[in-house]
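Visitor: Sharing a structure below in structure tokens format, with a few things to ask.
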Amino acid sequence: MDGMTVLKQLRADEWGKNAKVIILTNLDANDRILQGVVDDHPSYYMVKSNTKPEMVLEHIKDVIEE
């Protein structure tokens, strides 16, 4: 199961509707991924090849502090 499917299933669950999710992927955005981001509202969507580890840590801190 890929991450976007997991996110969709998570959002279908009562607890998961508001769970904070960060997506870190090797896949460039395509129509399916972009639609999932729009529909399922992850806290952040990052492409690994475009994201430095420091950025990931900053986003994690942001999500934890919300």
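Visitor: Output the residues belonging to the range 38-53 that are among the aliphatic types (A, V, I, L, M) and within 8 Å of the chain's Cα centre (by Cα).
Guide: M46
Visitor: OK, next. Of the conditions (1) touching a residue at least 40 places away in the same chain (Cβ under 8 Å); (2) hydrophobic (A, V, I, L, M, F, W, C); (3) not in a helix (DSSP H, G or I), V63 clears all except one; give me its number.
Guide: Just one mismatch for V63, condition (3).
Visitor: On to the next question. Being among the hydroxyl-bearing types (S, T, Y) and in contact with a strand residue (DSSP E or B) (Cβ under 9 Å, 6 or more places away or on another chain) is true for just one of S43, S49. Which residue is that?
Guide: On inspection, the qualifying residue turns out to be S43.
Visitor: If I ask for residues that are in a helix (DSSP H, G or I) and surrounded by 10 or more Cβ atoms within 10 Å (Cβ to Cβ), which ones from the range 36-60 would you list?
Guide: G36, V37, D39, D40, K48, M55, V56, L57, E58, H59, I60
Visitor: While we're here: Which one is modelled with the highest pLDDT among residues in the range 22-40 that are touching a strand residue (DSSP E or B) at 6+ places or on another chain (Cβ under 8 Å) and of a type outside the set (S, T, N, Q)?
Guide: I22
Visitor: What are the pairs, 6+ residues apart or on separate chains, where a residue within the range 22-35 that is within 17 Å of T51 (Cα to Cα) and surrounded by fewer than 11 Cβ atoms within 10 Å (Cβ to Cβ) has its Cβ under 8 Å from a residue that is of a type in the set (G, A, S) and at pLDDT 70 or above?
Guide: N26/S49
The values are calculated or read from the model by the stated rules, or taken from the named source; none is laboratory data. The structure presented is a predicted model; accordingly, all values stated were derived computationally and were not measured. No Cβ is skipped: glycine too gets one built from the backbone with ideal geometry, and neighbour counts run over all protein chains shown.
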